[in-house]
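What follows is a set of notes on a single structure, which appears directly below.
Just so it is clear, none of the values below were taken in a lab; they were calculated from the coordinates. No experiment lies behind these values; they were computed from the predicted model shown. Note: ideal-geometry Cβ built from the backbone for every residue, glycine included; neighbour counts use all protein chains shown.
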Amino acid sequence: GLIGCRHRQVMLMFFGLIIGYALRVNLSVGMVAMTNKDVNPNYPVLNWTSSEKGTVSGAFFGGYMMTQIPAGILAGKYGPCKLLGVALLFCGLITLLVPVAAIYGGFISVCVCRVLQGLGQGFLYPCINTHMSKWAIPQERSRLFSFAFGGTQFGTIVMLLSGGFLATSAGGWPSIYYVSGAFGVAWGIICLFFGADSPAVHKTISEKEKEYIESNFVASSANSKKMKIPWKNICTSIPMWALLIDHLAHNWGFWTLLTFIPTYIQGVFNSDIEANGFLSALPYLTMWLATMVFAFVGDLINKKRLLSLNISRKMWNSIAQFGGAIALFLLAYTKADETLATILLTISVGLTAGVYNGYLTNHLDLSPNFAGTLMGITNGMSNITSICGPFIVGVIVTDESDVSQWQLVFLISALVFTIGNITFLIFGSTETQPWNN
């Protein structure tokens, strides 16, 4: 049929990323409601400073960074689905505790919750990358990979749009965490029962589809479990370093924007919480749509061999990061014009969809056998900038209504995007590395 087991497994990962990103993004819109007395007077208001907001936002990545590499190793050794199910179930349970922690424990308690959430979500990318490396055959890789990872934008959109309405509802801002946490628990249980680590262990896959998938891989899924991880070769690989540097650059800009777009819109344009949610979600809706279009075009280019894989990866990456940098540069010199600012934010974030055809798929290019481990390394290390970006915003922006302070934030992000992409263009590669086997 048109829909095979591999497609259903990719769909499961798509929903996993929706839930995962809803759980991590809920604070972006939640923080606006938690610190603004006008949103819902029936619930406590937290008097956090700008620096504390930046610290709480970055705390997630402190935990997230710690489990990335172990997650990649464990996913390769024991299989990704059970690990992923338990991790998101745990993250959902911690999310349910955030309102109590915020009201009765204060700023430090919320930071602890965010660190614990990060520890659980550290398994997300390594496990999904390992899972996809077993199910997404090379000919379908760009399309299936982009579809699955489109869940990141979809989860962001859903959370930003629903967060404003939940905050003003009878449940107030605590309902943002109760609803998203409950979905996290539910998806974790579903993954434990319906996730399959590979075609070889799927209980209902047809022999025809199983043979089709396995015949399209150079190395069988069993080989990677028997192989020792070539740490020295990975750490001395120039293409791997280029990939890492670009991932560091992307995370700086991406998480700076995702964390503080609602705060920027609230501070500079004084939008109400529902309008804020819509304006904040619009760039990520555009990114999600662009991901689908870019995936289709990317697969077409690869299948018809219109460009080499190396040129194709770097072209998409340049669209994402050079394009995003230009839009941020223009945004930095935009005064308090809400329409123009929204357009430029939408362009910058929307073009970022190119990274799914660019560096984010490059882990599978360099080493299909160790894709989960490579993702664990780069995604783990890149959380240094995921922490630093929001923290620096908290230091720079002491007055959220001051456009000149936001100008510096956008210029720094544009510069970091540019440095990352130049590094990937010069030193990046799509050749399968000798140490893969």
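The table below lists the values:
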quantity: With eigenvalues of the C-alpha gyration tensor scaled by 5 and rooted, the range 1-87, Å; calculated: 35, 19, 8
quantity: Peptides 156-168, 358-370 ordered by average Cβ neighbours within 10 Å, highest first; calculated: 358-370, 156-168
quantity: Relative compactness, the range 374-432, computed as alpha-carbon Rg over 2.2 N^0.38 Å; calculated: 1.45
quantity: Amide H contacts under 5 Å for Gly79, placed H, 5+ residues apart; calculated: none
quantity: Too-long pairs where the Cα-Cα distance tops 20 Å, listed order kept, from Lys203/Lys228; Lys77/Lys314; Lys134/Lys210; Lys77/Lys208; Lys82/Lys203; Lys210/Lys303; calculated: Lys203/Lys228; Lys77/Lys314; Lys77/Lys208; Lys210/Lys303
quantity: Positive-end extreme of charge dipole, the chain - chosen from Trp231, Gly163, Met287 (charges on Cβ); calculated: Trp231
quantity: Reduced Cα scattering model of the range 1-217, Debye log10 I(q)/I(0), q = 0.10, 0.11, 0.13, 0.17 Å⁻¹; calculated: -0.47, -0.55, -0.73, -1.09
quantity: GNM flexibility winner over the chain from Lys77, Lys203, Lys37 (Cα, springs under 10 Å); calculated: Lys203
quantity: Hydrodynamic radius of the range 170-308 per Kirkwood, over alpha carbon pairs, in Å; calculated: 20.8 Å
quantity: Charge dipole magnitude, Cβ of K and R +1, D and E -1 - the chain, Cα centre, debye nearest 20; calculated: 1440 debye
quantity: Radius of gyration and Dmax over the Cα atoms of the range 102-250, both given in Å; calculated: 20.1, 57
quantity: Ratio Rg/Rh [Cα only; Rh per Kirkwood] for the range 267-313; calculated: 1.32
quantity: Estimated D of the range 1-49 in µm² per second, where Rh is the Kirkwood radius over Cα pairs and Stokes-Einstein applies at 37 °C, 0.692 mPa s; calculated: 241 µm²/s
quantity: Most mobile listed residue (Glu207, Glu400, Glu52) in the chain, GNM with C-alpha springs under 10 Å; calculated: Glu207
quantity: Inter-label distance for Glu214 and Asp38, nm, one decimal - labels placed 7 Å from Cα along Cα-to-Cβ; calculated: 6.3 nm
quantity: Most fluctuating residue given options Leu340, Leu27, Leu89, as computed from a GNM of the chain linking Cα atoms under 10 Å; calculated: Leu340
quantity: Inter-part distance where the range 271-308 and the range 85-137 are each reduced to a Cα centre, Å; calculated: 25 Å
quantity: Unit charges on C-beta of K, R, D, E only; dipole of the range 1-217, Debye; calculated: 140 debye
quantity: Square roots of five times the Cα gyration tensor eigenvalues for the range 227-436, Å; calculated: 33, 19, 13
quantity: Given (i) 85, 65, 39; (ii) 60, 43, 42; (iii) 68, 54, 47, the label whose value is Cα extents along the principal axes in Å derived from this model; calculated: (ii)
